[in-house]
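A short write-up of the structure that comes next.
Just so it is clear, none of the values below were taken in a lab; they were calculated from the coordinates. A quick note: this is a predicted structure, and the numbers were derived from the prediction, not measured. Don't worry about glycine lacking a Cβ; one is built from the backbone with ideal geometry, like all the others, and counts go over all protein chains shown.
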Amino acid sequence: MKVSELSQRSGVSVASIKYYLREGLLTGGVQTATNQAVYSEQHIRRLRLIRSLIDIGGLSISHVRATLAAVDDELMPMHGAFGAVMHGLDEVPTDTRPTADIETAYGEVQEWLSSRGWHIEPGAPAPHRLAELVATLRRFDFPTTLTDFDSVAEMVERTAQIEVEYARAMPDRTSAVETMLIGTVILERAIVEVRRLALEAVSSRIDNAPRT
């Protein structure tokens, strides 16, 4: 197919396709003339993954490039490719030195992860973000400890097992990474919305409880 059909079928503008080609995110088509090339179904799938990483994952072009490099590296275990997606969704804060309460919370997070037997790569952003959130809760006098998250951790670990196994069962690395990305972002949002619904429901139940 020509670039115009590729654009129509993928829903990505010709200008964006040419930009992705220049940035090395999308491989070139088969040259048929000096200024013409033909593209395949693989290009459509690649464009879908690129757009998923940008639109759903919110990744920058540099993070998209790193993630795609992990997808394309057949020697990298699938765990490494998944890690590129997970770590690309956020960044370890480096602009300022963590405050004392965040450093304390970070140490507690690491101990908690170890107690659960969860192996997390040293460069992962999530432990840092969790430490920031715990420290913030404490600043507002929420008596928060990491064990408060045990029941949530057990629930999400069960869903994570299903999610990762489903993604790994995809027929190729591109589909697996796309599935992992969409599952991660969308399920996270769904869990947040369910919790908000629960908060409203509990508040309503307390308001309407019979007075004794």
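Stretched out straight at 0.36 nm per residue, the stretch from ARG196 to THR96 would grow longer than its current Cα-Cα span by 32.9 nm.
To the nearest 500 deg cm²/dmol, what mean residue ellipticity at 222 nm is calculated for the chain from DSSP H runs of n ≥ 4 alone, each contributing -39,500 (n - 2.57), summed and divided by the residues? Dividing the helical sum by the residues of the chain leaves -21500 deg cm²/dmol.
The stretch 6-58 and the stretch 92-134 have Cα centres separated by 38 Å. Along its first, second and third principal axes, ordered by size, the chain spans 81, 43, 33 Å in Cα coordinates.
The magnitude of the dipole of the stretch 1-139, with charges of +1 and -1 set on the Cβ of Lys/Arg and Asp/Glu and taken from the Cα centre, is near 620 debye.
Extension gain for the segment VAL14 to GLN36, taken as residue separation times 0.36 nm less the Cα-Cα distance, is 6.6 nm to one decimal.
Which residues among the stretch 158-181 fall inside the zone where the amide N is under 12 Å from a point 7 Å beyond the Cα of GLU74, along Cα→Cβ? Residues passing the 12 Å test: 173.
Look at the alpha carbon pairs under 8 Å that are at least 6 residues apart: their mean separation over the length of the chain gives a relative contact order of 18 percent.
One decimal place: the segment ASP148-THR27 gains 38.8 nm when fully extended, by the rule 0.36 nm per residue minus the C-alpha distance. With respect to the chain, whose longest principal axis is taken over its alpha-carbon atoms, helix 14-23 is tilted by about 80°. Between LEU199, LEU47, LEU187, the Gaussian network model of the chain with springs among Cα atoms under 10 angstrom shows the greatest mean-square fluctuation at LEU199.
The C-alpha atoms of the chain define a longest principal axis, and helix 150-168 lies at about 20 degrees to it.
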